[in-house]
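The values are calculated or read from the model by the stated rules, or taken from the named source; none is laboratory data. Everything numeric in this text was worked out from a predicted model, so none of it was measured. Cβ coordinates were reconstructed from backbone atoms using ideal geometry, including for glycine residues, and neighbour counts include every protein chain displayed. The accessibility values were calculated without ligands, DNA or RNA, using every heavy atom of the protein model including side chains. Shrake-Rupley method; radii C 1.70, N 1.55, O 1.52, S 1.80 Å.
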Amino acid sequence: MTTLLQPVRRSSQARTAPPPRRSSPQLRRRRLIEGALFWALILPNLLAIVVFGYYPTVYNFVLSFTDWDFVQPAPVVVGLDNYIELFQSGSMLMDALRNTAIFVLVAVVGTLFGGMAIGALLAQRLRFSGLVRTLAFAPHMLPGAAVGVLWLFMFDPNYGLSRWLFSMFGMESPHWTTTSDFSLWSITIAYAWQRLGFVAIIYYTAILDLPKDIYEAAALDGARGWPLFRYITLPLLSPVTFFLTVTGIIAAAQTFDIIATLTMGGPGTSSTTLPWMIYDQAFVDFNIGTSAATATVMFVLLLVVTLVQTKYASKQVHYS
């Protein structure tokens, strides 16, 4: 009996965990130094994010419930009056929302399709493709104000490129930046031209990294042309398309410098978007509370759109 129980007792003792060892002073000192180094490296970035990111957002939200004109010594709390004024009939907000939606939709969709087409052509490794990549990406490196000034001359109906192009067909150039029928399209064209090269280069890089074995298997099955692009290339590029869509909507919705250079939101409100409306309310009308309320509405809209895109991406974006 004792001989049968003895191995069991030995195995149970073997399974018993050894008592935890106390850390040595050298190990504690090393962990303390590593922790101090970690906070020393991350604290400047963390402070920059808090000071220049979260604090302005929270302060803007607080200002949206106040009335202030930069002259009063302190903002006066007015509750929801600014938001009620924004959503009243006849408010500029509805025009700005409509213009922003059209501008963002046309600019983002246009650059996605155009950038994908240019990226696919660049991936063919044709002659002078390196020069074409450089020329295509160059507008993205220009400041928005410089792009606006450049297109201001190109849209000039008397001396610009627009006059020359329309004269080839016996037509007069429209007044792009000074008529309400074309002002919104002028800033859309200028912005799309600036971003198109960036989107094309991203697609070009992504196409080069696509797995070749999938295309070899598809070629053996006889897939080529549009079916190959529709059922293989597009799904493989879906993560890149999702990234460019999210960043494109956020960037386009915040465009200000091109509008300030080309149209200044006019004529009237024909090219007024949410960023220009925020500027106009704050630094022209000196209505800081309403401007902050408009900025809060814009923030919420972009947040909702991003969340919807993320929800949609979980079903439609393929990462493998």
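A few remarks follow.
- For Arg195, the conditions (1) in a helix (DSSP H, G or I); (2) open to solvent by 70 Å² or more (accessible area, probe 1.4 Å); (3) basic (Lys, Arg) are fulfilled apart from (2).
- Residue match in region 87-98 (condition: over 19 Å from Met298 (Cα atoms) and either in contact (Cβ under 8 Å) with a residue 24 or more places away in the chain or open to solvent by less than 80 Å² (accessible area, probe 1.4 Å) (or both)): no
- A search for C-beta distances below 9 Å between a residue of region 214-232 that is closer than 20 Å to Leu121 by Cα and any residue that is part of a helix (DSSP H, G or I) and among the polar types (S, T, N, Q), counting only pairs 6+ apart in sequence or on different chains, returns Tyr215/Thr233.
- Every residue from region 210-259 that is open to solvent by less than 30 Å² (accessible area, probe 1.4 Å), more than 15 Å from Ala192 (Cα to Cα) and of a type in the set (Gly, Ala, Ser): Ala218, Ser238
- The criterion of at least 2 residues that are touching a strand residue (DSSP E or B) at 6+ places or on another chain (Cβ under 8 Å), at pLDDT 90 or above and open to solvent by less than 50 Å² (accessible area, probe 1.4 Å) is met by none of the helices (runs of 4 or more DSSP H) wholly inside region 102-192.
- Applying the criterion of being part of a loop (DSSP other than H, G, I, E, B) and open to solvent by less than 20 Å² (accessible area, probe 1.4 Å) to the residues of region 260-319, the residue that is modelled with the lowest pLDDT is Gly266.
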